[in-house]
Amino acid sequence: MILVRRVFILMLLMLWPVQALCGALVYEQTMLPARFGPERAPANLEALIVRPADQERHPLIVICHGTPRDRNERPSMTPLSRTREAEELARRGYCVLVFMRRAFGASGGDYAESSGKAEAPEYAASGRVAAQDIREAIRVMQEKPYVDPRKVVCVGASTGGFSVTALAADPPPGLIAAVSFAGGKGSSAPDTVNKPERLVQAFAEFGRTARIPMLFVYSENDHFFGPALARDIHRAFTSSGGKAELLIVPPFGEDGHYFFSRKGIPQWTPILDDFLARVGAPPRKPLLAVDRIQGTPPPNLSEKGRAMFGDYLDASPNKAFAMNPKGYMGWAGGKRTAEEAAAKALEFCGATGGQDCKVLRQDALPR
């Protein structure tokens, strides 16, 4: 069933890429025609592109996702979950690509990022496989008329950060820098990493040939890869020749692993602005304006309910907000379609104890 659904979505996006203009930015849902291996086997990668609405070439920023601990969550992942992060970068004058690697979301291909046996995980090999997907995504995007192929920066979170570090060890043409937010692999539970010494060793391997500037960002309360491990990772990478700065930021939310997120935008944008300026891809000034949806909360909401509705308004599309007559509510955002968001919102509303929940509002990606 998952395979059939993925093929249907792939065909839909290939036949009808969705492109929209909203204010100063263009949004496009599409599939990237990637090719892998000696046989150049095709595997289309689900993607979201957000860029300035002009005719100029812009530096490319590629956002690389992490890996959920539960493998069953991979098919439901979507680039739209990073719409807000992509907008913040696009309004700084960058063309931003958010894409799903093979076997994540609606992307084709088989899952190839396994680390192997738990007693001896091959983290470095896994990272190099993921780096192939990033390399192909960059190649496809460098052919676009609105991309400056000479200026590419990768920004990865969690296993995405680990993967962009692997890519930095063998960079494609045009890659000038990379940023790893909470980069790592092998965390199976909070504050637990399987064979952390082998993860550190993988970063050391990458550092032997990585020469582009990198930035490693971790939080003091990261419950995947804590600050002590982060320092070991950075030390191993730089001691073997890699060029990377390490920044340990203060605690963020309940788990600082999610520092690079919509809610972290006020904290991480100044960090990226400074780094990008220093590597030769400074943000534009002034920033481009972004149209934000507005809305009045439903009547008689509690303070907590009003905060929940405000969080909904700020969330990534496609999204929906549901509520029942007694005030039970639920919302979902960052879904592939508005219909999927509505179904999830009703599910969450019902899970809180609400009966007769109805969708009060839906907001789709700009068309």
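The numbers here are math on the coordinates, done by the rules we state, and not lab data. Just so you know, these numbers come straight off a predicted model, no measurement behind them. Note: ideal-geometry Cβ built from the backbone for every residue, glycine included; neighbour counts use all protein chains shown.
Ranked by the mean number of other Cβ atoms within 10 Å of their residues, highest first, the peptides 26-33, 298-305 come out as 26-33, 298-305. Taking the dipole about the Cα centre of the chain, with the C-beta of Lys and Arg at +1 and of Asp and Glu at -1, give me whichever of 286, 103, 169 is farthest to the positive side. Checking the options against the dipole of the chain, the answer is 286.
Find out how many positive minus negative residues lie around residue 122, taking Lys and Arg as positive, Asp and Glu as negative, among other residues whose Cβ is under 14 Å from that of residue 122. With Lys, Arg at +1 and Asp, Glu at -1, the neighbours total +1. A simple spin-label model places pseudo-atoms 7 Å from Cα toward Cβ; at residue 150 and residue 302 they are separated by 5.9 nm. Take every Cα pair under 8 Å whose residues are at least 6 apart in sequence, average their separation, divide by the length of segment 127-196, and the relative contact order is 31 percent. Using the Karplus relation 6.51 cos²θ - 1.76 cosθ + 1.60 with θ = phi - 60°, the per-residue 3J(HN,Hα) values for segment 23-29 come to x, 8, 10, 10, 10, 9, 8 Hz, with x marking Gly and Pro. What shape does segment 303-363 have by the C-alpha gyration tensor, where a ≥ b ≥ c are the square roots of the eigenvalues, rounded means a/c under 1.5, and otherwise prolate means a/b greater than b/c and oblate the rest? Here segment 303-363 falls in the oblate category.
Cβ crowding within 10 Å, taken as a proxy for footprinting-reagent exposure, orders 233, 248 from fewest neighbours to most as 248, 233.
Every helix of 4 or more DSSP H residues in the chain counts as -39500 (n - 2.57), and over all residues that averages to -10000 deg cm²/dmol at 222 nm. Each residue of segment 144-149 was assigned a 3J(HN,Hα) from its phi angle through the Karplus curve 6.51 cos²θ - 1.76 cosθ + 1.60 (θ = phi - 60°); the sequence is 6, x, 9, 10, 7, x Hz, with glycine and proline shown as x.
What FRET efficiency comes out for residue 197 versus residue 288 if R0 is 45 angstrom and r is the Cβ-Cβ distance? Round to the nearest 0.05. Taking R0 as 45 Å, the efficiency between residue 197 and residue 288 is 0.50. Extension gain, residue 362 to residue 111, is 87.1 nm, computed as 0.36 nm per intervening residue step minus the present C-alpha separation. For trypsin sites (Lys or Arg not before Pro), the sites in segment 106-146 that DSSP calls loop and that have at most 13 other Cβ atoms within 10 Å are 117. Here the simple spin-label model places points 7 Å from the Cα toward Cβ, and for residue 265 and residue 54 these points are separated by 2.1 nm. For segment 171-179, the Karplus equation 6.51 cos²θ - 1.76 cosθ + 1.60, evaluated at θ = phi - 60°, returns couplings of x, x, x, x, 6, 9, 6, 8, 10 Hz by residue, with Gly and Pro reported as x.
Counted by Cβ distance under 12 Å from residue 226, the other residues give a net charge of -4, where Lys and Arg count +1 and Asp and Glu count -1. Among 337, 165, a tally of other beta-carbon atoms within 10 Å of each Cβ gives an order, fewest to most, of 337, 165. Spatially close Lys pairs in the chain, defined by Cα atoms under 12 Å apart and a spacing of eight or more places or different chains, total 7. Counted by neighbouring Cβ atoms within 10 Å, the residues 51, 84 run from fewest to most as 84, 51.
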